[in-house]
Amino acid sequence: MANNYAGLDSVFYALADPTRRAVIQRLGRGPATVSELAEPFDMALPSFMKHVGVLERTGLIRSRKAGRVRTCVLERKRLAAAERWLEEQRNLWSARYQNLDNLLETLKGEDDET
């Protein structure tokens with residue numbers, strides 16, 4: 001199972017930071033320049049570029065430079081892998097809770113019979 005999600009750790013690492021999550025959320029609406037992405041944050045551009053670098057190395061975003069302008073776009077496939085993993089976990093726990101509910105109903109029925 002671990003091989004099915006190679007690189008998933010790096011995706012969750014990248015998403016663990018609120019600045020990077022905000023960048024991903026913004027890019028979900030469409031491409032943006034680094035300057036546009038950095039605008040809402042109170043940090044120097046070199047510091048912000050470290051966040052962009054993490055997102056690029058993880059494969060969550062890619063960027064293209066034209067002249068002095070770097071434009072970033074979201075790589076939805078990488079997010080889809082994390083989404084699939086989360087959905088599997090949700091399904092697993094849902095089934096476990098359903099099994100617990102069934103067991104409790106069975107035990108309750110046994111108590112009612114005595």
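Would you please give the residues with an amide H less than 5 Å from that of Glu75, counting only those at least 5 places away or on a separate chain, with H modeled from the backbone geometry?
Amide H neighbours of Glu75, under 5 Å, 5+ apart: Ile61, Arg62.
Taking θ as phi - 60°, what are the ³J(HN,Hα) couplings along segment 96-108 by the Karplus curve (6.51, -1.76, 1.60), each to the nearest whole Hz, with x for Gly and Pro?
5, 5, 5, 4, 5, 4, 4, 4, 5, 5, 5, 5, 5
Considering only Ala82, Ala38, Ala16, give the residue with the highest GNM mean-square fluctuation for the chain, with springs between Cα atoms whenever their separation is below 10 Å.
Fluctuation is largest for Ala16.
In straight Cα distance, which lysines are under 30 Å from Lys50, not counting same-chain residues fewer than 8 positions off?
Candidates past the 8-residue exclusion: Lys65, Lys77.
Quick one: among Gly67, Gly59, Gly28, which has the greatest mean-square fluctuation in a GNM of the chain with alpha-carbon springs under 10 angstrom?
Highest fluctuation of the listed residues: Gly67.
Taking H placed 1.01 Å from N in the peptide plane, check which residues at least 5 places from Asp17 or on another chain put their amide H under 5 Å from its amide H.
Those qualifying (amide H under 5 Å, at least 5 residues apart or on another chain) number zero.
Which net charge results when you count Lys and Arg as +1 and Asp and Glu as -1 among the other residues whose beta-carbon is under 11 Å from that of Glu83?
So the environment of Glu83 carries a net charge of +3.
Arg96 to Arg76: FRET efficiency via 1/(1 + (r/R0)^6), r the Cβ-Cβ distance, R0 30 Å, to the nearest 0.05?
For Arg96 and Arg76, the calculated efficiency is 0.50.
For each of Ile61, Ile24, count neighbouring Cβ atoms within 10 Å of the residue's Cβ, then give the residues from fewest to most.
By the 10 Å Cβ count, ascending, the order reads Ile24, Ile61.
Evaluate the charge dipole of segment 38-114 about its Cα centre and quote only its size in Debye, nearest 20, assuming +1 on the Cβ of each Lys and Arg and -1 on the Cβ of each Asp and Glu.
The dipole of segment 38-114 has a size of about 1440 debye.
Return Val23, Val69 ranked ascending by Cβ neighbour count within 10 Å, so the fewest neighbours appear first.
Least crowded to most crowded, the residues run Val69, Val23.
Could I have the simple spin-label model distance between Glu113 and Gln25, label points 7 Å from Cα toward Cβ, reported in nm to one decimal?
5.2
Quick one: which residues, 5+ away or cross-chain, put their amide H under 5 Å from the amide H of Thr33? H built at 1.01 Å from N.
Here Cys72 satisfy the definition.
Let's test this: bin the Cα-Cα distances of the chain at 5 Å from zero up to the farthest pair and state each bin's percent.
2, 10, 17, 17, 12, 9, 7, 6, 5, 5, 4, 3, 2, 1, 0, 0, 0
Throughout, read-outs are computed from the coordinates displayed, never taken from laboratory work. Fair warning: this is a prediction, and the values are worked out from it, not measured in the lab. Every residue, glycine among them, receives a Cβ derived from its backbone with ideal geometry; neighbour counts consider all protein chains shown.
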